[in-house]
Amino acid sequence: METEKPARTAPPSWLRSLWARLLLLLIVFVALDGILAPLNSKAVRHPITGVLVGVATAALALVVYWKLVGWLEQRRTPEIGLSTMRPLLLRGTAAGIGLFTLTLALILACNGYRLHGGSLGDMIATFGMMVGVATLEELLFRGVLFRVVEERFGTVVALAVSGLLFGGLHLINPDGTVWGALSIAVEGGLMLGAAYVLTRSLWLPIGLHLGWNFAESGIFGGTVSGSEGKVGGLLTGVPHGPAIISGGDFGPEASIFAILVCGAAAFVMIRRARRKGTWQ
């Protein structure tokens, strides 16, 4: 004899409005980031702990999103569905690595960067940390902020709001600059938002974010978004020459080439999204 599954408990009426949902989700994921980010920073000192803590961070954040969003909005969460995870995550990670490698190749062609030896262990540890960082930040900025704002105001406003906030928060980094924040608004906010719009899945932006950050710090040893110091990578990168070319102390993301490469990628995805009918 089959038993019926108990009905999902609905949230209280005061939590059903768009603004209440948005506020609660932002509070939860900002707090989660504040708790887990320091753990990732400490764990990255060793390859094993770096990978284990990074993967655990990502898994925990995904479970919280699945449970909390599912409860608040009384729906499934196909944007993190397991059926699309592998292909979109792999595609995004490969694309992110490729886009950063192209950016750095343009910087190197203009004599804007120097590469020296690094550490394989540092590269592995950095990869683990970036798994956690990319997942947490994409759940917060695309899964929560972008998605809920788009629900009320449409895609254009959601891209602008999430992009500017994403870039603006990087001003608090030790080497943060206004130019660097605007660069991140294009490279992270616009490109990663476009990736979500195109696929209506968070796996592609998570993969792009992971691939870009891993290539920047884990492979080529660059500074990520003006953060303090370098985590370490297979190589060690040192900027050279004008900051508009190299990115200066903020890192390669503040290079004009990073803006052009990521802007072009965003343009392609936005055009495809409009043709596909996923643009709201």
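Overview of results
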| item | result |
| --- | --- |
| HN-Hα J in Hz across the stretch 180-189 - Karplus 6.51, -1.76, 1.60, θ = phi - 60°, x for Gly and Pro | x, 5, 5, 4, 5, 4, 7, 5, x, x |
| J(HN,Hα) series, the stretch 55-69, from Karplus relation 6.51 cos²θ - 1.76 cosθ + 1.60, nearest Hz, glycine and proline x | 5, 5, 4, 4, 4, 4, 4, 5, 5, 4, 4, 4, 6, 6, 5 |
| Spatial separation of Cα centroids for the stretch 177-219 and the stretch 75-153, in angstrom | 6 |
| P(r), alpha carbons of the stretch 74-219 - 10 Å bins starting at zero, rounded % | 12, 38, 36, 12, 2, 0 |
| 10 Å Cβ shell holding at most 10 others, DSSP loop, GluC sites (Glu not before Pro): longest site-free stretch of the chain | 5-227 |
| Distant-in-sequence amide H partners of TYR113 (H built 1.01 Å from N, under 5 Å) | HIS240 |
| Trypsin sites (Lys or Arg not before Pro) within the stretch 9-73: DSSP coil, no more than 14 neighbouring Cβ in 10 Å | ARG16, ARG45 |
| Unit Cα scatterers, Debye sum, the stretch 53-156: log10 I(q)/I(0) for q = 0.09, 0.13, 0.17, 0.19 Å⁻¹ | -0.34, -0.66, -0.97, -1.11 |
| Cα-based radius of gyration of the stretch 1-82 once divided by 2.2 N^0.38 Å, which approximates compact folds | 1.41 |
| Backbone HN-Hα couplings from phi across the stretch 34-47 [Karplus 6.51/-1.76/1.60, Hz, Gly and Pro as x] | x, 7, 8, 4, x, 5, 5, 5, 6, 5, 5, 5, 9, x |
| Residue among PRO205, LEU104, PRO252 farthest towards the positive dipole end of the chain, charges placed on Cβ | PRO205 |
| About the Cα centre, charge dipole magnitude for the chain (Lys/Arg +1, Asp/Glu -1 at Cβ), debye | 880 |
| Relative intensity, log₁₀ I(q)/I(0), of the chain from a Debye sum that treats every alpha carbon as a point, q = 0.08, 0.16 Å⁻¹ | -0.33, -1.26 |
| Crossing angle, helix 155-168 versus the chain [Cα axis fit, 0-90 degrees, rounded to tens] | 50 |
| Normalised contact order of the chain, rounded percent, pairs of Cα under 8 Å and 6 or more residues apart | 24 |
| Over the stretch 227-280, relative contact order from alpha-carbon pairs under 8 Å, at least 6 apart, % | 17 |
| Length released on extending from GLN280 to SER83, taking residue separation times 0.36 nm less the Cα-Cα span | 68.5 nm |
| Relative contact order for the stretch 110-225, counting Cα pairs under 8 Å that sit 6 or more residues apart, in percent | 31 |
| Radius ratio Rg over Rh of the stretch 105-167, counting only Cα atoms, Kirkwood formula for Rh | 1.21 |
| MRE, 222 nm, helices only [DSSP H, n ≥ 4, -39500 (n - 2.57), over the chain, to nearest 500] | -20500 deg cm²/dmol |
| Extent along principal axes [Cα atoms of the stretch 183-238; Å; largest to smallest] | 36, 20, 13 |
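Bear in mind these aren't lab numbers, they're just calculated from the coordinates by the rules spelled out. No experiment lies behind these values; they were computed from the predicted model shown. All Cβ positions, glycine included, derive from the backbone under ideal geometry; neighbour counts span all protein chains shown.
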